[in-house]
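The values are calculated or read from the model by the stated rules, or taken from the named source; none is laboratory data. Everything numeric in this text was worked out from a predicted model, so none of it was measured. All Cβ positions, glycine included, derive from the backbone under ideal geometry; neighbour counts span all protein chains shown.
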Amino acid sequence: VLNIGVLAVQGSVVEHVNMLKKIDGVKPIEVKIPEQLYHIDGLILPGGESTAIGKLIEDYGLNNIIVERAKKGMPIWGTCAGMILMAKKITGQNKTYLNLMDIVVKRNAYGSQLDSFATHEVIPAVSDKPLKMVFIRAPYVEDIADTVEILAKVDGHIVAVKQDNLIATSFHPELTDDTSFHRYFIKIVRESIN
Ligand code: GLN
């Protein structure tokens with residue numbers, strides 16, 4: 001069985017846990033303390049408020065161990081606020097968090113008029129069927145290093161990326177009833193331990 005952590009300090013934790021429960025051979029673990037990070041095979045950083053999650057992971061001493069596990073190859077997937085935590089650069093601010101991915105991320109990139117919206121797009125790496133993408137005060141990726149692979153764009157903006165064992169999405173697959181993005185992540189976790 002694969003132990004998949006969901007960082008559980010703030011944000012859409014239960015939604016990710018419920019998606020993982022639908023996948024055979026996967027045990028979801030709500031990660032709250034540093035020790036738990038040594039007993040998981042992959043980690044999801046949920047959506048929420050990046051400033052809050054970012055502060056809490058520093059306060060609880062989770063951040064350094066997440067970085068250590070990432071550098072040793074553990075797959076991590078950041079959704080929305082999770083994408084912001086992964087970025088080495090956040091537009092318009094000096095503060096960054098985990099500094100794991102060579103991406104420049106713009107917070108609340110769609111502005112107040114498009115606070116939240118949903119669309120459908122095929123992500124070839126994930127499925128040949130269109131995936132529902134839910135955006136909530138979402139960031140998008142403004143720039144990438146050439147070591148970063150683009151998984152999906154919406155209206156010309158990069159909304160899903162992969163760099164080695166690390167994935168980030170602007171949208172929230174956990175707020176739909178389609179498990180295909182979670183299954184894609186689990187496949188990457190499985191490959192990482194084989
Ligand atoms: N706007 C939030 C932030 O900047 C992200 C929103 C989300 O995770 N749904 O952290």
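Key figures for this structure:
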read-out	value
Check on residue 6, within 16 Å of the ligand (Cβ to nearest atom) and surrounded by fewer than 16 Cβ atoms within 10 Å (Cβ to Cβ)	no
Residue 143 being modelled with pLDDT of 95 or more, among the acidic types (Asp, Glu) and assigned to a loop (DSSP other than H, G, I, E, B)	no
Helices (runs of 4 or more DSSP H) completely within the stretch 38-117 that count 1 or more residues being over 22 Å from residue 150 (Cβ atoms) and among the polar types (S, T, N, Q)	50-59, 63-71
Residue match in the stretch 73-81 (condition: without any contact (Cβ under 8 Å) to a residue 60 or more places away in the chain, more than 13 Å from the ligand (Cβ to nearest atom) and over 13 Å from the mean Cα position of the chain (by Cα))	no
Candidate set from the stretch 23-58 (those that are touching an Asp or Glu at 6+ places or on another chain (Cβ under 9 Å) and closer than 19 Å to residue 166 by Cβ); member that is farthest from the ligand (Cβ to nearest atom)	37
Of all residues in the stretch 162-176 being away from the ligand (no atom under 16 Å from the Cβ) and assigned to a strand (DSSP E or B), the one that is surrounded by the most Cβ atoms within 10 Å (Cβ to Cβ)	166
Odd one out for residue 20, checked against (1) touching a strand residue (DSSP E or B) at 6+ places or on another chain (Cβ under 8 Å); (2) of a type in the set (A, V, I, L, M, F, W, C); (3) within 12 Å of the ligand (Cβ to nearest atom)	(3)
Boolean, residue 110 is of a type in the set (Phe, Trp, Tyr) and away from the ligand (no atom under 16 Å from the Cβ)	no
Residue 91 vs. criteria within 9 Å of the ligand (Cβ to nearest atom) and either surrounded by fewer than 21 Cβ atoms within 10 Å (Cβ to Cβ) or more than 12 Å from residue 139 (Cβ to Cβ) (or both)	no
Candidates 154, 134, filtered to the one that is surrounded by 16 or more Cβ atoms within 10 Å (Cβ to Cβ) and more than 17 Å from residue 46 (Cα to Cα)	154
Enumeration of residues in the stretch 57-114 that are out of contact with any Pro (no Cβ under 7 Å at 6 or more places or on another chain) and of a type in the set (Val, Ile, Thr)	57, 66, 67, 76, 90, 91, 96, 103, 104
Matching residues, the stretch 150-194, being out of contact with any Leu (no Cβ under 6 Å at 6 or more places or on another chain), under 19 Å from residue 102 (Cα atoms) and among the charged types (D, E, K, R)	153, 164
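For every residue, the table says whether it meets (1) in contact with a strand residue (DSSP E or B) (Cβ under 9 Å, 6 or more places away or on another chain); (2) assigned to a loop (DSSP other than H, G, I, E, B); (3) in contact (Cβ under 8 Å) with a residue 12 or more places away in the chain; (4) within 24 Å of residue 20 (Cα to Cα).
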{"position": "127", "(1), (2), (3), (4)": "no, yes, yes, yes"}
{"position": "178", "(1), (2), (3), (4)": "yes, yes, yes, yes"}
{"position": "182", "(1), (2), (3), (4)": "yes, no, yes, yes"}
{"position": "186", "(1), (2), (3), (4)": "yes, no, yes, yes"}
